[in-house]
Structure formats: C-alpha cells, structure tokens
Amino acid sequence: MARGEGAEQYSNASLLQKPSPDGIKLAAKCESRSRLSVCNKLCYAIGGAPYQITGCAIGFFLQIYLLDVALLDPFYASIILFVGRAWDAITDPTVGFLVSRSPWTRFGRMMPWILLSTPFAVLCYFLIWYVPSVEQGRIVWYLIFYCSFQTLQTCFHVPYSALTMFISTEQKERDSATAYRMTVEVLGTLIGTAVQGQIVGMANAPCISTGEELNSTDLLAASTVNITGPHASLEHLRNAYMIASGVICSIYVVCAMVLFLGVKEQKETCRVRTEPMSFFQGIRMVMGHGPYAKLVMGFLFTSLAFMLLEGNFALFCSYTLGFRNDFQNILLVIMLSATLAIPFWQWFLTKFGKKTAVYIGTTSVVPFLVSVILVPSNLIVTYIVSFAAGVTPDNCTNVYALPDLVSMLPDVVDDFKVQNPESQGHEAIFYSFYVFFTKFASGVSLGVSTLSLDFAGYVTRGCTQPAEVDLTLKILVSPAPIVLIIIGLLIFISYPINEEKRQGNRKLLNEQRENEIDSETDSTELNVV
C-alpha cells in the first residue's frame, strides 16, 4: 500500500470515530498547552539571535581578518575557512542524531544541549579573534578554535531549530513564533554588523603602498611605525576585533539565558512514540523524503549564492569600489533597510504563500547584483543601491536565515509525519541537515573565494590590488551568485508543498492527534474497568 493511501485511510478512519468526552477534554488540554503568549514567542525568537550575530560577524569579517589582520597567506586562510565548515559534515548529522536520542529531563530534551554548549561556544568564539604571538602556530590555532566553535554552535543551533516543533503542536502557533524569530534574526544580523563593523571600523590599520607583495614579518614591522593621522596601528586593530568579540560573546550569553528562562519545551504526550533508529537509518529516512531533499538542495544553492556575496563584500567594497573606510557603514545601511522591510515581506508571505515568497524574494535581488558591478564607483550611489538591495527578503543580510526557507522546514516535517504516522520524534535529524547545508555552503563559498583570490595574486593589506583580483571579486559578488540563484529556483519548481498541500497536512495531523487521544482515553477507561 502506498504511503499516501495509508495516510488517507488513516484520516478517513479517524473521521468515523466520534471523540469521547474524556478525549475532548484531553484534546482541549493539549490545545491550551499549544497556545503561546507574546512573551513566549519573543523569548523563543531571541534564542535565534546568537547564531545570526556570530554568523554575520564571521561571514562578513573573518576572511578579511585572516588576510589583513592575522596576516595569513590566502592559501592557508582558504584551508581554515573550508575545513572549519567541512567539519560540520560530521558534527551536524551526528549532533542531530544524538539530540533525537537524548532522554527527557526536567528542562526538556533540547534545552540541556543549548545551555551546556553556550559557555564553551563563547570561549571558542572569543579565541577565534585573538592573534597568538607565535606566528608559526597561527594556522593550527585558528583551525582548532574555528572547528571547535562550529561544533559547539551546532550543539546550540540544531536543538534550537528543532525546538520549533516542541514549543507548540499547533501549526499556526509555530508559524507565528517563526515570524517572531525571523524578525529577531534580521535584528541579529544588524547587531552583528553594527557591533563588529563599527568597533573595527574605528581602528582601520594603514594599508601598504607597494607594488611588491610583502611577507607577514615585513607587514608586522611596518605596522609598528608611528603613524600620524586617522589610522591606527595593526595592534590597535587587533584589539578592536577582540573588543567586538567580547561584546558579541556577552550578547550570546544573555540571549541563551532568555531562551532558557522564557520558553518551556513541551513533552510529546500527545504524539506517537517510536523506537529509536540507527544513525544511518535516520539519514536514509530524511534524505529519502522527496520534499525535504528538494527543499535542502534548493536551499544549498541559494544560500551558497548569498554567502559568496557576503564573504567577499568587505573586500569588494574596500578594493574594487575603493571604500576601505566606509564598507561597515554600507553594511549597516543594508541591515537597516532589511529590518524596515520585514513587515511587508511577512504580509506578502502570508498573503501569497511561502513558495511564492521564495521565488519573488530571491529573484528580486538579481537586479541589484547586476547593478553593483555596472554602476560607477560612487559612494552616494552605492548607499542608494545598498538600501534598495536590503529591502529584498533574501539578501546578504539574511544568508544565514533565508527566512522563507526557514519557515518551510516545519511544513516538510509535518508532511513526513502525515506520510509516516508510525514514525515520529525525528525532528532534530531533519533540522541537523538544514544546519549542515547552511554551514557547508558557507565553507565552500569562503574557501573557494579565498583560494581564487590567492591565484589572482591578492596582496595582503595592499592599498590597491592587481586587476586580476578586482575581476575575481566582481565575479564572486555578481555573476557567480546569479547562476547559483537560478539553479536553486529551478530546483524549487518541483517542490510539492504549496499552501493547499500545507493546509491539507495540517488537517490530517489534527485528525491523527484526535484519534491518538481517543485511543489513549479508551485504553485508560478499559484499565479502570
């Protein structure tokens, strides 16, 4: 029998059964537990800020930090950036598997992971932005702490993402909480850019005016020379990065505590229990679900496009456009316009559906990707284009969130539950692969782009770059993202869950839940008799 037919028969059978009074009471109790207050939704949404703040800071600034502040060779910087994210190929699915098999505690099943990982993640994040005095050990230093932070961040974000399915059983409440989360995540990118960009921007180190490539020893010696004027020494710039990381670490801890204290994880008392499955069974299960596979593959290409833009935007503004001292303000303009546009795009998503919002939102950024390399280098024009680009819902500010796609994940999980009513409790596995694809795309984009700059002849801390570097940066922020966006949208054409399908799944899940409640009530009455 086909899965779809099984689900249909299951729902038809449930319609023939009239709920008992006790079943109605239990259903009402479950429904009341599913309602979320505004405070609950805000606390849940604030928990998503640390991932966005740190992700935004790393995405926009880590590449230029490793090249121009830590003074690493572009080849070694590309290795660090790629290996750090490729490491998540192991950690993300593994953490998702371990979370799905974690026992229930008095704090829940997801919350202990979030709480315990926070202090270690904060420490590793801070050490990423510290330059050790021993030059020979810097590559190992950054590789260790970057990989460690990614692992600990996974231990935070996979349970947090899966928590969406455990704060309420009602799809409407989950969608509302996701809308709050989307808003706070964009604010998180704004905070990350403002804190990192403005603090670092006030301590710009001088560039080196030379046609010859200098090694890191020469650059370090040049930076210690007394310089008059608005520029600071390289050591001052390094201190600025550490101050910025300290501020972000404090925000990270506060957000984690708000999430822990303000959100109550609901135990699955009204859901079917299933036996735990092995790690590879879980992988085959989620990747074998067609809608999920199409969603994450489309997500992979679109997120890769925006991460290419994000990872190279600072270098593009500094060298190709010539706005070395203004790129942090340009980023801030994009963030502000994105924040202001949230209400409109949320209305658009509700009015026309999630799939339509993905198409319109993602496509609308293409004209700005074209104009960014065709418009002459002018600061005022760049600010105008940046503001207009920020209004699009899927842009370089939202590369870690892509809010329309995030809101589609619960729909895919619900679709799996409808087609597999006998198999439940695997939400963390679904979300772990979503986190993996996000980080994998970031690692590939940063690694490939940094390696491309090395081949093009990038000059560390040079005031100007060779023509080949300028051409490479233009390709990385415009043609390459456009091609990847087109591929992602072509994949989304076959994504089967539209608004009609989504509402149908919601109805079937409600019928399944009522049937399970009735069965539980009948069993209790028989035991009493």
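The values are calculated or read from the model by the stated rules, or taken from the named source; none is laboratory data. This is a predicted model, so every value here is computed, not measured. When we count neighbours, we look across all protein chains shown, and the Cβ atoms used for this are built from the backbone with ideal geometry, even at glycine. Side chains included, ligands, DNA and RNA excluded: accessible areas come from the protein's heavy atoms. Shrake-Rupley method; radii C 1.70, N 1.55, O 1.52, S 1.80 Å.
Distance in nm between label sites at Arg324 and Ser371, each 7 Å beyond Cα in the beta-carbon direction?
Those two pseudo-labels are separated by 2.8 nm.
With every protein chain in place, what's the accessible area of Thr464 (1.4 Å probe, Å², nearest 10)?
About 100 Å², rounded to the nearest 10.
For the full complex of protein chains and a 1.4 angstrom probe, list Glu468, Glu499 by accessible area with the highest value first.
On the way: Glu468 110, Glu499 65 Å².
Per-residue accessible area, sorted high to low, gives Glu468, Glu499.
Quick check on my link table: of Lys41/Lys501; Lys354/Lys474; Lys294/Lys351; Lys355/Lys501; Lys417/Lys501; Lys294/Lys354, which ones sit more than 20 Å apart, alpha carbon to alpha carbon?
Lys41/Lys501; Lys354/Lys474; Lys294/Lys351
Label Thr105 and Phe344 with points 7 Å out from Cα along Cα→Cβ: what is the distance between them in nm?
Label-label distance for Thr105 and Phe344, simple model: 4.5 nm.
State the extension gain, in nm to one decimal, for the chain segment bounded by Asp73 and Glu235, taking 0.36 nm per residue of separation less the distance between their alpha-carbons.
Computed gain between Asp73 and Glu235 is 56.5 nm.
Which whole-number value in Å² is the accessible area per residue of segment 279-323, probe 1.4 Å?
Ligands and nucleic acids excluded, the result is 27 Å² per residue.
So for segment 51-111, considering every pair of alpha-carbon atoms, how many percent are separated by more than 15 Å?
Values: 1208 of 1830 pairs.
Counting every Cα pair in segment 51-111, those more than 15 Å apart make up 66 percent.
How much solvent-accessible surface does Met297 expose, in Å² to the nearest 10, with a 1.4 Å probe and all protein chains in place?
70
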